[in-house]
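Data first, discussion second: the structure below is written as structure tokens.
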Amino acid sequence: MKKIMLAMVAVLLLVSCSNSSTPSTEGKENELQKITMVLDWTPNTNHTGLYVAQENGYFKENGLDVEIITPGESSADALVASGKADFGISYQENITQARTEGVPIVSIAAVIQHNTSGFASPVDKNIQSPKDFVGKTYGAFGSEVEKSVISSLMQIDGGDVNDVEFLNIGDTDFFTATKKDVDFAWIYYGWTGVEAELRGEKLNMIYLTDFSDKLDYYTPVIATNEKMIDSNPETVKTFLKAVSEGYEYSIENPNKASEILLSAAPDLDKELVKKSQEWLASKYQDDADRWGEQKLSVWENYANWMYDNKILDSKLDAEKAFTNEFLPEGDE
């Protein structure tokens, strides 16, 4: 979850003044093609399939030399849209915003099939449904989407978002924030929720998808830019073939996959990574026919919700915001 407006400003600036770094396919047949893959944040279990593809040689088998990097001052979206990175981790909400502002970024695979995020609170806060947000303090991260989401849930369940106090906590740790001035915050259960289990801290969890199908959007996704798709479609296809193999391995072998992630990012908490990987293993593909597949209805539903809530100034052409074209078929 990112500060969308600030990120989009950075994207537009980079797109307007940069030269594409899209790799050339020319060269010796046995020479690996160098690719840059930028994460949205520090390594975590959303990214395991990438590290598996790297460690198990799936990238190399497909003729690719992939460098996985973390974003610096520029966001992953900005780097990908400008061509300074070939692929990156993004979110449906970011891409929706970007596309309506003319930024040429495209989602090519859903990392997780359904939205696993929601509003979490320690059980002693007694927040069991959105109507219980009344009189409570929300730990905000600074996105305009937050108030609209909370308002939508409260309208469904009863309550007024104006009765909620918003306190910007930025990147403050959830557990630290809720022990101070915050009653609830927006988390991904697959990481922070699992961490709460390991800490023995019971949470009440209000999932967005329990209240609205329109909020069951893809988060995170893998993105590239239109120039990469137009100029190097085979590179996109071979990249996704390797990445798909990485996530399929992670689904079937969560313990081994977690060891690969820990080897690449040894500073991560071992127990958290293992438990998170176990939790996410069934969530990556879930009810989809194949890992990474995206539905037009999901893109349209969320974009319409954003437009209706005045987060977007114009409607999204959803068919251009994502593609399943480069995913391997089931028998590949």
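A single entry from Ile68, Ile35, Ile127 fulfils the requirement of being more than 22 Å from Asn304 (Cα to Cα), of a type in the set (A, V, I, L, M), outside the structural domain of Lys241 (by TED's automatic domain parsing) and in contact with a helix residue (DSSP H, G or I) (Cβ under 9 Å, 6 or more places away or on another chain): Ile127.
In the range 277-297, which residues are in contact with a strand residue (DSSP E or B) (Cβ under 6 Å, 6 or more places away or on another chain) and assigned to a loop (DSSP other than H, G, I, E, B)? Before you say what the answer is, go through the steps one by one.
Quick first cut of the range 277-297, residues in contact with a strand residue (DSSP E or B) (Cβ under 6 Å, 6 or more places away or on another chain) only: 292, 294.
Of everything in the range 277-297, just one residue is in contact with a strand residue (DSSP E or B) (Cβ under 6 Å, 6 or more places away or on another chain) and assigned to a loop (DSSP other than H, G, I, E, B), namely Gln294.
Looking at the structure I just gave you, is Ser75 surrounded by 15 or more Cβ atoms within 10 Å (Cβ to Cβ), farther than 22 Å from Lys227 by Cα and small (Gly, Ala, Ser)? No: the conditions fail for Ser75.
Could you tell me which residue of the range 78-105 is surrounded by the fewest Cβ atoms within 10 Å (Cβ to Cβ), considering only residues that are charged (D, E, K, R) and touching a strand residue (DSSP E or B) at 6+ places or on another chain (Cβ under 9 Å)? Steps first, please.
Quick first cut of the range 78-105, residues charged (D, E, K, R) only: 84, 86, 93, 99, 101.
So of that shortlist, the ones also touching a strand residue (DSSP E or B) at 6+ places or on another chain (Cβ under 9 Å) come out as 84, 86, 99.
Details: Lys84: 19, Asp86: 27, Arg99: 23.
That would be Lys84.
Given the criterion on the phi > 0 side of the Ramachandran plot and not charged (D, E, K, R), identify the matching residue among Gly200, Gly193.
Numbers: Gly193 fails: on the phi > 0 side of the Ramachandran plot.
Exactly one of Gly200, Gly193 is on the phi > 0 side of the Ramachandran plot and not charged (D, E, K, R), namely Gly200.
Can you spot a residue in the range 168-177 that is assigned to a loop (DSSP other than H, G, I, E, B), among the polar types (S, T, N, Q) and farther than 30 Å from Gln294 by Cα? Yes, the range 168-177 contains a residue that is assigned to a loop (DSSP other than H, G, I, E, B), among the polar types (S, T, N, Q) and farther than 30 Å from Gln294 by Cα. With respect to the stated conditions, Ala185 is farther than 22 Å from Ser75 by Cα and in contact (Cβ under 8 Å) with a residue 60 or more places away in the chain. Every condition in (1) crowded, with 18+ Cβ neighbours inside 10 Å; (2) within 23 Å of Asn309 (Cα to Cα) is met by Asp160 except one, and the failing one is (1). Among the conditions (1) among the basic types (Lys, Arg); (2) under 24 Å from Lys241 (Cβ atoms); (3) in contact (Cβ under 8 Å) with a residue 12 or more places away in the chain, the only one that Lys295 does not satisfy is (3). Exactly one residue out of Lys256, Lys274, Lys315 is assigned to a loop (DSSP other than H, G, I, E, B) and either assigned by TED's automatic domain parsing to the domain that holds Glu31 or modelled with pLDDT of 95 or more (or both), and it is Lys315.
Counting the residues of the range 60-90 that are under 20 Å from Gly246 (Cβ atoms) and either of a type in the set (A, V, I, L, M) or not in a helix (DSSP H, G or I) (or both) gives 17. For the range 148-181, filtering for residues that are under 30 Å from Ala303 (Cβ atoms) and under 25 Å from the mean Cα position of the chain (by Cα) leaves 14. Look at Gly159 and say whether it is closer than 28 Å to Lys315 by Cβ, touching a residue at least 12 places away in the same chain (Cβ under 8 Å), assigned to a loop (DSSP other than H, G, I, E, B) and not hydroxyl-bearing (Ser, Thr, Tyr). No. If you go through the range 132-146 and pick out every residue that is within 20 Å of the chain's Cα centre (by Cα) and in a loop (DSSP other than H, G, I, E, B), you end up with 3. Residues considered: Val149, Val194, Val243, Val182. Of these, the only one that is surrounded by 21 or more Cβ atoms within 10 Å (Cβ to Cβ) and part of a loop (DSSP other than H, G, I, E, B) is Val182.
Taken over the range 221-234, the residue count meeting the criterion of being crowded, with 17+ Cβ neighbours inside 10 Å, in a helix (DSSP H, G or I) and out of contact with any Ser or Thr (no Cβ under 7 Å at 6 or more places or on another chain) is 1.
The values are calculated or read from the model by the stated rules, or taken from the named source; none is laboratory data. The shown structure was predicted, so the numbers you read here are calculated from the model rather than taken from an experiment. Note that we place each Cβ from the backbone using ideal geometry, even for glycine, and neighbour counts take in every protein chain shown.
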